[in-house]
Amino acid sequence: QVQLVESGGGLVQAGGSLRLSCAASGRTFSTSHMGWFRQAPGKEREFVAAISWSGTITYYADSVKGRFTISRDNAKNTVYLQMNSLKPEDTAIYYCAVGKILTMKGDDYMYWGQGTQVTVSS
């Protein structure tokens with residue numbers, strides 16, 4: 001079993017930055033692929049970014065490419081999402097998750113955090 005706790009969300013103006021963190025419990029973090037997803041009110045959950053267990057492979061949704069960066073520190077059992085040039089359409093609850101494989105598909109992720117709210121004002 002893996003437990004995930006996200007933090008770092010908040011209210012920011014358009015053009016601003018936030019850094020989300022996801023702290024994981026369990027000894028398997030360093031061998032687990034990790035992903036970030038988000039869900040806006042009235043919308044379906046969507047993929048944001050993913051990173052391989054080694055940190056050498058990353059995937060991004062087209063909507064965040066060039067603005068968001070996913071990274072991880074296996075020594076700290078933590079994955080990060082650096083979000084720059086934020087837009088009002090980035091407003092959502094952001095979730096981190098542990099993936100069975102490195103993928104953009106939410107169904108392939110086994111464990112999920114409780115989420116952290118990101119609100120971008122115009």
- Where a label projected 7 Å from the Cα of residue 14 along Cα→Cβ would reach, residues of region 62-90 with amide N under 15 Å: 85-90
- Note on the structure: For the chain, the dipole about the Cα centre with charges only on Cβ (Lys and Arg +1, Asp and Glu -1), to the nearest 20 debye, works out at 200
- Message: Within the chain, what whole-number % of the accessible surface is contributed by carbon and sulfur, with the 1.4 Å probe and all protein chains included in the calculation?
- Response: 48
- Query: What whole-number value in Å² describes the accessible area per residue of region 55-122 for a 1.4 Å probe?
  - Reply: 50
- Note down the accessible area of residue 105, probe 1.4 Å, to the nearest 10 Å². 120
- When only C-alpha pairs under 8 Å and at least 6 residues apart count, what is the relative contact order of region 63-120, in percent? 30
- Task: Any chance you could run the full-extension gain for residue 75 through residue 87? It's 0.36 nm times the residue separation minus the Cα-Cα distance, nm to one decimal.
- Result: 1.1 nm
- Message: Over the chain, with a Gaussian network built from C-alpha contacts below 10 Å, which listed residue (64, 48, 98) shows the highest mean-square fluctuation?
- Response: 64
- Query: Tell me, what is the percent relative contact order of the chain, built from C-alpha pairs under 8 Å that lie six or more residues apart?
  - Reply: 36
- For the residue 61, residue 119 Cβ pair and Förster radius 22 Å, calculated FRET efficiency rounded to 0.05 is 0.70
- Query: Which whole-Hz ³J(HN,Hα) couplings does region 67-73 yield from phi under the Karplus relation 6.51 cos²θ - 1.76 cosθ + 1.60, θ = phi - 60°, glycine and proline marked x?
  - Reply: 10, 10, 9, 9, 8, 8, 10
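The values are calculated or read from the model by the stated rules, or taken from the named source; none is laboratory data. The structure displayed is predicted, hence computed values, not measured ones. Please note: Cβ atoms are built from the backbone with ideal geometry, for glycine as well, and neighbour counts cover all protein chains shown. Keep in mind that these areas ignore ligands, DNA and RNA; they rest on the heavy atoms of the full protein, side chains included. Shrake-Rupley method; radii C 1.70, N 1.55, O 1.52, S 1.80 Å.
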